[in-house]
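Working notes, structure below.
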């Protein structure tokens, strides 16, 4: 069985580069992929790549994908993108906040308007999209306080190279490091969101 069978992935910045590669790989692993970017067709942007190209490549390889044009620096576009994903596939299991904007100039020459646009795409966009998507990923029940405290201690005391950058449920990592013998709830008797499994 493929790693993402039955999962729905929303990938921003999927018209080219890293986002396109992620979208294609996730689709090859069985995910239904919502490909988001501002560039719909080839030639709409000065750089090569487009959503239509990414989706055609995925479908041509036997995968499932849909294109949604969105400027993630705008809240209404984030909402519309999330709604389109739900309308098309019924859920979002995985969110890849890949879209990014930068202008490679020294700070002294960095135009404030460009700084604000980059910040809107790189910081505000992922925050806004995460707000919409995480509502469907989160379970209404939280972990016991002692489990959360023990997990915080694990993250603070284990070697950084073993825990930095991890996305996991608390009991999963506690069991992995031998701090508990058994786990229950999300991550054990139910799988939880795809986001935490990647």
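Among the criteria (1) part of a helix (DSSP H, G or I); (2) within 23 Å of the chain's Cα centre (by Cα); (3) in contact (Cβ under 8 Å) with a residue 12 or more places away in the chain, the one residue 92 does not fulfil is (1).
Quick grid of which residues meet (1) buried (at least 24 other Cβ atoms within 10 Å of the Cβ); (2) more than 19 Å from residue 90 (Cα to Cα); (3) modelled with pLDDT under 95; (4) touching a helix residue (DSSP H, G or I) at 6+ places or on another chain (Cβ under 8 Å):
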residue	(1), (2), (3), (4)
12	yes, no, no, yes
42	no, yes, yes, yes
47	no, yes, yes, no
54	yes, yes, no, yes
61	no, yes, no, yes
64	no, no, no, yes
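Condition test on residue 129, is it modelled with pLDDT of 90 or more, surrounded by 13 or more Cβ atoms within 10 Å (Cβ to Cβ), assigned to a helix (DSSP H, G or I) and not assigned by TED's automatic domain parsing to the domain that holds residue 72? No: the conditions fail for residue 129.
The values are calculated or read from the model by the stated rules, or taken from the named source; none is laboratory data. The shown structure was predicted, so the numbers you read here are calculated from the model rather than taken from an experiment. We place every Cβ from the backbone using ideal geometry, glycine too, and count neighbours over all the protein chains shown.
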